[in-house]
Amino acid sequence: MNQIIQILNVRRGDLWVALLQHLQISLVSLLLAMLIAMPLAFWATKHKKAAEFLLQLTSILQTIPSLALLGLLIPLVGIGTVPAVIALVVYALLPIFQNTYVGLTGIDPALEEAANAFGMSRLQKLTKVELPLAMPTIISGIRTALVLIIGTATMAALIGAGGLGSFILLGIDRNNTALIIIGAVCSGLLAITLSALIKWLEHASIRTTLGVFGVCLLFLVGSGVYQTINSQTETVTIAGKLGAEPEILINMYKELIEDGDKHVKVTLKPNFGKTTFLFSALKNDKIDIYPEFTGTVLETLAKKPVTTTNLTEKQTYQQARAVLAKQDNLTLLKPMAYDNTYALAVKASFMKKHQLKTISDLANIQNQLKGGMTMEFIDRGDGFKGIKKRYRINFPVKSMEPALRYQAIEQGKVNIVDAYSTDSELRQYHLNILKDDKHNFPIYQGAPLMRSDFAKRHPQIVASLNKLAGRITEKEMQEMNYEVNVKNADPSQVAHKYLVRHHLIKEN
């Protein structure tokens, strides 16, 4: 409980922003789903065959896994709020359409005949007879859709749309239960509150119901106008991947840029998502800068295969810079000193027991190995695939989320994991890295990545960020990650202390 209170105090502003984002995404998705599903249901009451088809179609759409749907939408509409809203609308169609259709077709035929006898028009009959009678059933469908939307909207954080899911994903990444609880509880409370409001509308008049939805619409329009007005001031948007290290780095970028030019306003988007999401956002002008690694450029972002074996740090950077400039018109600034490369790690006691020093030594005990590794590492050519090919080693491996693999080795469920050389968990769980004696892993030096036109327009920003070139050792980065992940320090404070200590900025 103390940890939860501490995080709420430190991240109170972030929580309000995430809550507002979650509310906006949820209400926009609900209103759009209603605008699509309800008119279709009204029309379908007179077209029975079409109604059956629409019910089947909306049922099929709801069975599509959310991650798969987001993955399908990203190439079409990019990342951020738009694909998140489209996915949520898709999931909300079934309960709204089904309940509206059932509510309207379940009305006593005698009442329909009476309305006709009074000479009511189709619109009069709908608004004065059918809708009031069907309203409890329709509202029930809207409530179901809303709860579904709010729960599923936590996935929006995976594609940079923000929301309360950012707290949950951050908690999973840092093995911080308090962050997960805060995100989950706030999402649950939001669902309960809005569900209770809609429940109250079941027996309210049509005018009251329309009034409530009108207020919601005004809220969305107002917040959209406010954001548009704010966005007219030129800002620099810096995003980071999920985890402590990217968040520390983007806070350093922010301070260096604002220290170099007092008129520049920097907006941070921490825990934005995976590499491909950030890369797409940068190319599509959704963000301006994010920290990338030289090895990732050559192994993941290069469209044509690039040989990274035995390249020096300088050669790796030069190749990465050339690939990005030619392929995507992007500029990779000068890299920092540390090499955050992939590694295989085991417990110190396991290493001593089997007299391990290098990855090659694993060949003698591969029948005793049980691996826990990230899905990305298992699938990468410079990851487990490369290990098997280059070292002729193979052993069973389970795919796990980054934080979970460290818990698994601590609990003895696995005895070898993949790691980054600057991971704080190496120190936290007393793990040792095996030497990559056959050079399977390329060099991963971090550097700011931006569009080339942005770099040309902002030479002062380039100069400010280049102050980090050749700085930050692996030991320093691991220690900073440890402060954030284990000691629960604020990433912005950790970044500030480093910059001040190394005289890159002056203490305020």
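Every number in this text was worked out from the coordinates using simple rules, so none of it is lab data. None of the values given here were measured: they were computed from a predicted structure. Reconstructed Cβ throughout: ideal geometry from the backbone, glycine too, with neighbour counts over all protein chains shown.
Details
- Anchor Lys49: lysines whose Cα lies under 26 Å away (excluding residues fewer than 8 positions away in-chain): Lys125
- Taking GluC sites (Glu not before Pro) in DSSP loop states with no more than 13 other Cβ atoms inside 10 Å as exposed sites, the chain has its longest site-free stretch at 235-506.
- Most tightly packed first, judged by the mean number of other beta-carbon atoms within 10 Å of their residues, the peptides 348-359, 147-158 read 147-158, 348-359.
- Between 0 and 90 degrees, the angle of helix 131-152 with respect to the longest Cα principal axis of the chain falls at about 0 degrees.
- In the chain, helical runs assigned H by DSSP with n ≥ 4 each contribute -39500 (n - 2.57); averaged across all residues and rounded to the nearest 500, the mean residue ellipticity at 222 nm is -18500 deg cm²/dmol.
- The alpha carbon centroids of the range 89-150 and the range 465-505 are separated by 59 Å.
- Mean separation of Cα contacts under 8 Å (6+ apart) over length of the chain, as relative contact order %: 15
- Lysine pairs in the range 342-433 with Cα atoms under 23 Å, if 8 or more residues apart or on separate chains: 26
- Span from the the range 31-70 Cα centroid across to the the range 249-310 one, whole angstrom: 39
- Where labels lie 7 Å past Cα in the beta-carbon direction, separation of Trp16 and Asp261 in nm: 2.9
- Semi-axes of the equivalent ellipsoid of the range 2-231 are 37, 19, 16 Å, computed as sqrt(5λ) over the eigenvalues of the C-alpha gyration tensor in descending order.
- Each residue of the range 13-18 was assigned a 3J(HN,Hα) from its phi angle through the Karplus expression (A = 6.51, B = -1.76, C = 1.60, θ = phi - 60°), giving x, 4, 5, 5, 5, 5 Hz with x at Gly and Pro.
- Using a Förster distance of 56 Å, the FRET efficiency for Asn329-Asn367 (Cβ separation, nearest 0.05): 0.65
- For the Cα trace of the range 342-433, dividing Rg by the Kirkwood Rh returns an Rg/Rh value of 0.91.
- Residues in the range 491-507 reached by a label modelled at Asn466 [backbone nitrogen below 12 Å; 7 Å Cα→Cβ]: none
- Degrees separating the helix 206-231 axis from the principal Cα axis of the chain, which is the longest one: 30
- The aspartates and glutamates within cross-link reach of Lys46, meaning a Cα-to-Cα straight distance under 19 Å and a gap of 8 or more places when in the same chain, are Asp108, Glu112, Glu113, Glu130.
- All Cα-Cα distances of the range 267-365, cut into 10 Å bins from zero to the largest, leave 12, 36, 26, 18, 8, 0 percent in each bin in turn.
- Selection of trypsin sites (Lys or Arg not before Pro), the range 36-144, meeting DSSP coil and at most 16 other Cβ within 10 Å: Lys46
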